[in-house]
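Presented below is the structure to which this report refers.
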Amino acid sequence: MQKIIIIISLLSFHFGISQTIRNEFESKQPQDLNVPPPPNITFPAQYPTGNKKFIEEIKANIDRTGLETNKTYKAKIILKIENDGEVLNISIYGSDENFNKELKKTIQNITQQKKWMAGKNKQGENVIDIVALPIEIKRK
């Protein structure tokens with residue numbers, strides 16, 4: 001009889017603990033069912049002549065007059081590309097605010113003239129994609 005009570009107690013304790021751990025995990029990661037999961041991108045979005053050429057075009061067209069000489073500027077460019085190739089959003093993350101503003105202005109001028117090749121999912125359908133590109137410009 002004692003063995004049965006001990007076994008039942010252990011099983012109850014085990015189920016109680018496992019339920020608590022599961023509830024704690026679920027509470028840390030709330031999920032909104034109205035938000036669809038991100039698309040599975042098989043082919044990421046690209047600039048028509050390639051992302052390296054895009055960076056080169058930025059470097060060639062950026063106005064360097066407001067930048068300090070003998071300084072290296074670094075930033076991360078985040079672009080949201082619509083499924084038709086249009087740039088929806090441009091975000092710049094760098095340490096120099098003047099450089100960030102000039103970089104964003106240059107990218108806006110470049111992307112107004114050209115559409116990107118949209119990202120594609122496994123089925124070959126165009127999807128919205130996020131492109132992250134690092135850039136480094138030296139002012140001599």
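The values are calculated or read from the model by the stated rules, or taken from the named source; none is laboratory data. Because the structure is predicted, anything quoted here is derived from the model rather than measured. Here the Cβ is made from the backbone with ideal geometry for all residues, glycine too, and neighbour counts use every protein chain on show.
Tally up the residues in the stretch 83-95 that are assigned to a loop (DSSP other than H, G, I, E, B) and closer than 19 Å to GLY50 by Cα, please. Give the derivation first.
The initial filter retains those residues of the stretch 83-95 that are assigned to a loop (DSSP other than H, G, I, E, B), namely 83-86, 95.
Narrowing further to those that are closer than 19 Å to GLY50 by Cα: 83-86.
Of the residues in that region, 4 qualify.
From ILE81, ILE137, grab the single residue that is under 19 Å from THR42 (Cα atoms) and either surrounded by 12 or more Cβ atoms within 10 Å (Cβ to Cβ) or among the acidic types (Asp, Glu) (or both). Lay out the reasoning, then the answer.
Details: ILE137 fails: under 19 Å from THR42 (Cα atoms).
Answer to the selection: ILE81.
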Among the residues of the stretch 91-124, count how many are under 17 Å from the mean Cα position of the chain (by Cα), within 12 Å of ILE77 (Cβ to Cβ) and hydrophobic (A, V, I, L, M, F, W, C). 1
How many residues are over 13 Å from LEU79 (Cα atoms) and either free of Cβ contacts under 8 Å to residues at least 40 places away in the same chain or not in a strand (DSSP E or B) (or both) if we restrict to the stretch 125-135? 1
Going by the structure shown, is THR111 of a type in the set (S, T, N, Q), in contact (Cβ under 8 Å) with a residue 24 or more places away in the chain, closer than 30 Å to ASN40 by Cβ and assigned to a helix (DSSP H, G or I)? yes
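For THR49, are the conditions met, namely being among the β-branched types (Val, Ile, Thr) and at pLDDT 85 or above? Quick ask: steps written out before the conclusion?
On the way: among the β-branched types (Val, Ile, Thr): yes; at pLDDT 85 or above: yes.
Yes.
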Tell me whether the stretch 96-108 contains one or more residues that are assigned to a strand (DSSP E or B), more than 16 Å from GLU57 (Cα to Cα) and either touching a Ser or Thr at 6+ places or on another chain (Cβ under 9 Å) or in contact (Cβ under 8 Å) with a residue 24 or more places away in the chain (or both). no
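Condition check: outside any helix (DSSP H, G or I), of a type in the set (Lys, Arg), under 20 Å from the mean Cα position of the chain (by Cα) and at pLDDT 90 or above. Does LYS80 satisfy that? Can you show your working first?
Details: outside any helix (DSSP H, G or I): yes; of a type in the set (Lys, Arg): yes; under 20 Å from the mean Cα position of the chain (by Cα): yes; at pLDDT 90 or above: yes.
Answer is yes for this residue.
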Cβ-Cβ distance below 6 Å, separation of 6 or more or different chains: which pairs start in the stretch 75-91 with a residue that is over 14 Å from ASN126 (Cβ atoms) and in contact (Cβ under 8 Å) with a residue 24 or more places away in the chain and end on one that is small (Gly, Ala, Ser) and assigned to a strand (DSSP E or B)? ALA75/GLY94; ILE78/SER91; ILE78/ALA132
Looking at the stretch 55-78, which of its residues are out of contact with any Pro (no Cβ under 9 Å at 6 or more places or on another chain), surrounded by 16 or more Cβ atoms within 10 Å (Cβ to Cβ) and of a type outside the set (Val, Ile, Thr)? GLU57, LEU67, TYR73
Here's a check for you: in the stretch 42-76, which residue that is assigned to a loop (DSSP other than H, G, I, E, B) and of a type in the set (Ser, Thr, Tyr) is nearest to ALA118 (Cα to Cα)? TYR47
